[in-house]
Amino acid sequence: MEPFVTLTSKLVPLPNENVDTDQIIPARYLKVTDKQGLAEGLFAGWRYLPDGSPNPDFVLNKPEMQGRKILLAGDNFGTGSSREHAPWALMGWGFRAVISTRFADIFYNNALKNGLLPVIVDEATHRRLFQLVEAEPDIEVTIDLPSQTLRLPDGTEVTFPIDGFSKHCLLKGLDQLGYLLEHMPRIEAYEREHPPRFDTRVLVRR
Amino acid sequence: MAMTRPRTLFEKIWDDHVVYEEPGSPAILYIDLHLIHEVTSPQAFQGLREKGLRVRRPGQTLATMDHSIPTVGRDFSLMDAMAVKQIQTLEENARAFGIPLFNMFDDRQGIVHVIGPELGLTQPGMTIVCGDSHTSTHGAFGALAFGIGTSEVEHVLATQTILQRKPKTFEVRFEGARPEGVTAKDMILALIATIGTGGGVGHVFEYRGDAVRGLNMEERLTLCNMSIEGGARAGLIAPDDVTFEYLADKPFAPKGKDWDEALKRWRQLPTDPGATYDKSVTIDVSRLEPMITWGTNPAQAIPITGRIPDPDKEPDPRRRRAMERALAYMGFQPGQQLLGHPIDVVFIGSCTNARITDLRMAAQIFKGRKVAPGVRVLVVPGSQQVKRQAEAEGLDRIFKDAGAEWREPGCSMCIAMNGDRLEPGQYAVSTSNRNFEGRQGPGGRTILASPLTAAAAAVTGKITDPRPLLA
Ligand code: SF4
């Protein structure tokens, strides 16, 4: 995982509320067996016209949005399915952070595990950000993970929450599996005290 | 002797499964059962290969195919090349890592959340995960069950554990006598309409109250299934005699002395008197009607005789915009009553409502009636076992005689990955769990409902109150 420390970028505004994972990446794009190629399906339902050509009105298709790394999303982002294809698709397009007032639990966790930072802001800040980009689409904000702050163009700083463990992993680019593997002796000890009560392998037919 | 603090059902299961918790870090939680399917697992196995890791507990793992397989028949020629590659990848991974797999030709195959309970693998007090958000279904047995992402699938494969922050608890009380024609599906839609899709974020639901006790096991599965639609990753129901009776003859249920011991353990699980929850809500079931959704998230639901709310009366501007967008997508008007609105497709299936009792409910309405002209009806059983049972009871004949399609088990039009999908603009009454834009096919419009309400729409061709049709 690529470390995340600070990020300065212009914003891609997507004010829709309750954007669910079926919107982020529709199921028909989930037949892949790797993590590549998902960017193409990002917001596909909105991004393409029925004939498959890009919808020029959709924000992601505007030339000036290319290369921006922060998605300013509407309230309650990422509800729905557990598909990790959602953060993969967002990152595939180039996003490294998403700002919203609220994130669905599974999406939030999936994002953190991939180095995509979900930034939770209060409703007033959220409204203000949308007002700012509406007035001046090219404003830049800075996300500083060590101090957990989001800096607006006028210098105002708002803090955002993140648990210490995830922050540490993001700053260092650490994979959480490494942490679990380090604790293998404890897992083995637990298993000695709690032997499995069944073995699904009896289901295997020879 | 020191008194132990009263604990909830959730806390007891959580405490039993914490392997280790470092201050400031999430807990390492042990997983008893890991269910796998073709869509969310390939990248996890790829991760294991890259790191040279093996599957730690193949005997606590079970794989099935359900999401992308055809339900018209079982033939590779019915699938596109990517779907074929995906199921072949699962086949290879299961073989290489020693995991039992029900492939699409297996007579035990089914939707992952249908087969766990029917095998008796889902048991009280367990922790269960799957790379699928409707894993919450298994909570009906008093198991802590929740969906995980693919990175976490890899973590569980490699270590049989997962890193978790302890969620908060949310008591959901369903009280009062359930009226005729009101099902578990209507109860859960009513809850989600009350608390919103984000209402349970960060929490685990525990469903309680006399109306929950009065549900049979399959109705409880329906209730817990949609916990995630209310924002909660898991929903639990304390095990009781209904649970034990359902489990007793299942293949993986403990037998003899082991059963007696298990019962003793399981009877300790229900929430202690005096234990407290972080949040609580009560729903009066006696006042409920069959529920239907009018919008593009499951919280946008109304009683079947009700009217679509008017966005102009919504004080919160963001909720107002969301309502307006949903109305535009669905082609509905504020204040409109949906009763009598014509529909194109009826889908009876999914891990929410494709068990035998769901099919019996639907058959009750189809019996002696015909599918309305121009309406397409898919009945997709949840598993091969459900299919066999339905056929033994003659339910398949009732559906086919009425003019419905009787399919092979799978997720089918719930997620529309396998070719079963709506055409743009079509209206479908579906027993599945998500009415998101495009969920059942690009441009498709989904109205969520119970099997009774779906069947009533099938035979009348429009949105219909099922209650008068219940002889
Ligand atoms: S039936 Fe639908 S909700 Fe259930 S597991 Fe399949 S795709 Fe997911």
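Provide a single number: the residues in region B:145-159 that are touching a residue at least 60 places away in the same chain (Cβ under 8 Å) and either more than 18 Å from B:I13 (Cβ to Cβ) or facing chain A (nearest Cβ under 7 Å) (or both). Even if it seems obvious, please write down each step before you answer.
To start, the set of residues in region B:145-159 that are touching a residue at least 60 places away in the same chain (Cβ under 8 Å) comprises B:145-147, B:149-151, B:153-154, B:156-159.
In the following step, the residues that additionally are either more than 18 Å from B:I13 (Cβ to Cβ) or facing chain A (nearest Cβ under 7 Å) (or both) were identified as B:147, B:149-151, B:153-154, B:157-159.
Summing the residues that are touching a residue at least 60 places away in the same chain (Cβ under 8 Å) and either more than 18 Å from B:I13 (Cβ to Cβ) or facing chain A (nearest Cβ under 7 Å) (or both) in region B:145-159 gives 9.
Restricting region B:432-450 to residues that are facing chain A (nearest Cβ under 7 Å) and out of contact with any strand residue (DSSP E or B) (no Cβ under 7 Å at 6 or more places or on another chain), which is nearest to the ligand (Cβ to nearest atom)?
B:R434
Search region A:30-75 for residues being in contact (Cβ under 8 Å) with a residue 60 or more places away in the chain and not in a strand (DSSP E or B), and hand back the single one that is farthest from B:M417 (Cα to Cα).
First pass over region A:30-75, keeping only residues in contact (Cβ under 8 Å) with a residue 60 or more places away in the chain: A:64, A:69-72, A:74.
Adding the requirement that they be not in a strand (DSSP E or B) leaves A:64, A:69, A:74.
Working: A:E64: 33, A:K69: 30, A:G74: 27 Å.
Within region A:30-75, the match that is farthest from B:M417 (Cα to Cα) is A:E64.
Take the conditions out of contact with any Pro (no Cβ under 7 Å at 6 or more places or on another chain) and within 16 Å of the ligand (Cβ to nearest atom) and apply them to B:P117. Does it pass?
Values: out of contact with any Pro (no Cβ under 7 Å at 6 or more places or on another chain): yes; within 16 Å of the ligand (Cβ to nearest atom): yes.
Against the criterion (out of contact with any Pro (no Cβ under 7 Å at 6 or more places or on another chain) and within 16 Å of the ligand (Cβ to nearest atom)), B:P117 qualifies.
Where the second residue is within 16 Å of the ligand (Cβ to nearest atom) and the first is without any contact (Cβ under 8 Å) to a residue 12 or more places away in the chain and lies in region B:66-91, which pairs have Cβ atoms under 7 Å and are six or more apart or on separate chains?
B:M82/A:K31
Would you check which residues across region B:6-28 are in contact with a strand residue (DSSP E or B) (Cβ under 6 Å, 6 or more places away or on another chain) and either outside any strand (DSSP E or B) or buried (at least 24 other Cβ atoms within 10 Å of the Cβ) (or both) and list them? Full working, then the answer.
Of all residues in region B:6-28, those in contact with a strand residue (DSSP E or B) (Cβ under 6 Å, 6 or more places away or on another chain) come to B:8-10, B:13, B:17-21, B:26-28.
Of everything in region B:6-28, those that are in contact with a strand residue (DSSP E or B) (Cβ under 6 Å, 6 or more places away or on another chain) and either outside any strand (DSSP E or B) or buried (at least 24 other Cβ atoms within 10 Å of the Cβ) (or both) turn out to be B:T8, B:L9, B:F10, B:I13, B:H17, B:E21, B:P26.
Output the residues belonging to region A:12-29 that are surrounded by fewer than 23 Cβ atoms within 10 Å (Cβ to Cβ) and aliphatic (A, V, I, L, M).
Scanning region A:12-29 gives a single hit, A:L14.
Please enumerate the residues belonging to region B:416-428 that are of a type outside the set (S, T, N, Q), more than 9 Å from chain A (Cβ to nearest Cβ) and within 16 Å of the ligand (Cβ to nearest atom).
In the first step, residues of region B:416-428 are kept if they are of a type outside the set (S, T, N, Q); the result is B:416-417, B:419-425, B:427-428.
Next, only the ones that are more than 9 Å from chain A (Cβ to nearest Cβ) stay: B:419-420, B:422-423, B:425, B:427-428.
B:G419, B:D420, B:L422, B:A428, listed by residue number.
When residues of region A:141-190 are filtered for being without any contact (Cβ under 8 Å) to a residue 24 or more places away in the chain and closer than 17 Å to A:K10 by Cα, how many remain?
Of the residues in region A:141-190, 7 are without any contact (Cβ under 8 Å) to a residue 24 or more places away in the chain and closer than 17 Å to A:K10 by Cα.
Looking at B:P303, B:P311, B:P381, which is the one that is within 16 Å of the ligand (Cβ to nearest atom) and in contact (Cβ under 8 Å) with a residue 12 or more places away in the chain?
Numbers: B:P303 fails: within 16 Å of the ligand (Cβ to nearest atom); B:P311 fails: within 16 Å of the ligand (Cβ to nearest atom).
Matching residue, one of B:P303, B:P311, B:P381: B:P381.
Quick one: which of B:T293, B:T352, B:T357 is modelled with pLDDT of 95 or more, more than 14 Å from every other protein chain (Cβ to nearest Cβ) and out of contact with any Phe, Trp or Tyr (no Cβ under 6 Å at 6 or more places or on another chain)? Lay out the reasoning, then the answer.
Numbers: B:T293 fails: more than 14 Å from every other protein chain (Cβ to nearest Cβ); B:T352 fails: more than 14 Å from every other protein chain (Cβ to nearest Cβ).
The match here is B:T357.
What number of residues within region B:80-114 are away from the ligand (no atom under 16 Å from the Cβ), hydrophobic (A, V, I, L, M, F, W, C) and part of a loop (DSSP other than H, G, I, E, B)?
Of region B:80-114, the ones away from the ligand (no atom under 16 Å from the Cβ) are B:80-82, B:84-85, B:88-89, B:91-101, B:103, B:105-108.
Within this subset, residues satisfying the condition of being hydrophobic (A, V, I, L, M, F, W, C) are B:81-82, B:84, B:94, B:96-97, B:99, B:101, B:105.
So of that shortlist, the ones also part of a loop (DSSP other than H, G, I, E, B) come out as B:99, B:105.
Number of matching residues: 2.
Select from region B:232-258 the residues that are away from the ligand (no atom under 16 Å from the Cβ), within 21 Å of the chain's Cα centre (by Cα) and within 14 Å of another protein chain (Cβ to nearest Cβ) and list them in ascending order.
The answer is B:L247, B:K250.
Do the conditions hold for B:I28, that is, is it at the interface with another protein chain (Cβ under 8 Å from one of its Cβ atoms) and under 28 Å from A:Q176 (Cβ atoms)? Spell out the reasoning first.
Details: at the interface with another protein chain (Cβ under 8 Å from one of its Cβ atoms): yes; under 28 Å from A:Q176 (Cβ atoms): yes.
In short, yes.
Could you go through region B:408-415 and let me know if any residue there is within 14 Å of the ligand (Cβ to nearest atom), of a type in the set (D, E, K, R) and either farther than 19 Å from B:I463 by Cβ or crowded, with 17+ Cβ neighbours inside 10 Å (or both).
Filtering region B:408-415 for residues within 14 Å of the ligand (Cβ to nearest atom) gives B:408-415.
Those still in the list that are of a type in the set (D, E, K, R) too: B:408.
Adding the requirement that they be either farther than 19 Å from B:I463 by Cβ or crowded, with 17+ Cβ neighbours inside 10 Å (or both) leaves B:408.
Within region B:408-415, one or more residues are within 14 Å of the ligand (Cβ to nearest atom), of a type in the set (D, E, K, R) and either farther than 19 Å from B:I463 by Cβ or crowded, with 17+ Cβ neighbours inside 10 Å (or both).
Looking at B:T169, B:T197, can you tell me which residue is of a type in the set (S, T, Y) and in a loop (DSSP other than H, G, I, E, B)?
Working: B:T169 fails: in a loop (DSSP other than H, G, I, E, B).
Just a single option satisfies the conditions, and that option is B:T197.
Would a scan of region B:329-347 turn up a residue that is surrounded by fewer than 21 Cβ atoms within 10 Å (Cβ to Cβ), more than 16 Å from the ligand (Cβ to nearest atom) and within 14 Å of chain A (Cβ to nearest Cβ)?
yes
Within the set of pairs 6+ apart or on separate chains, which have a first residue in region B:201-223 that is within 14 Å of chain A (Cβ to nearest Cβ) and under 14 Å from B:I283 (Cα atoms), a second that is among the aliphatic types (A, V, I, L, M) and buried (at least 24 other Cβ atoms within 10 Å of the Cβ), and C-beta atoms under 6 Å apart?
Sorted first by the residue in region B:201-223, then by its partner, the pairs are B:F205/B:V172; B:F205/B:A232.
The values are calculated or read from the model by the stated rules, or taken from the named source; none is laboratory data. Because the structure is predicted, anything quoted here is derived from the model rather than measured. In this analysis, Cβ positions are derived from the backbone assuming ideal geometry, glycine residues included, and neighbour counts consider all displayed protein chains.
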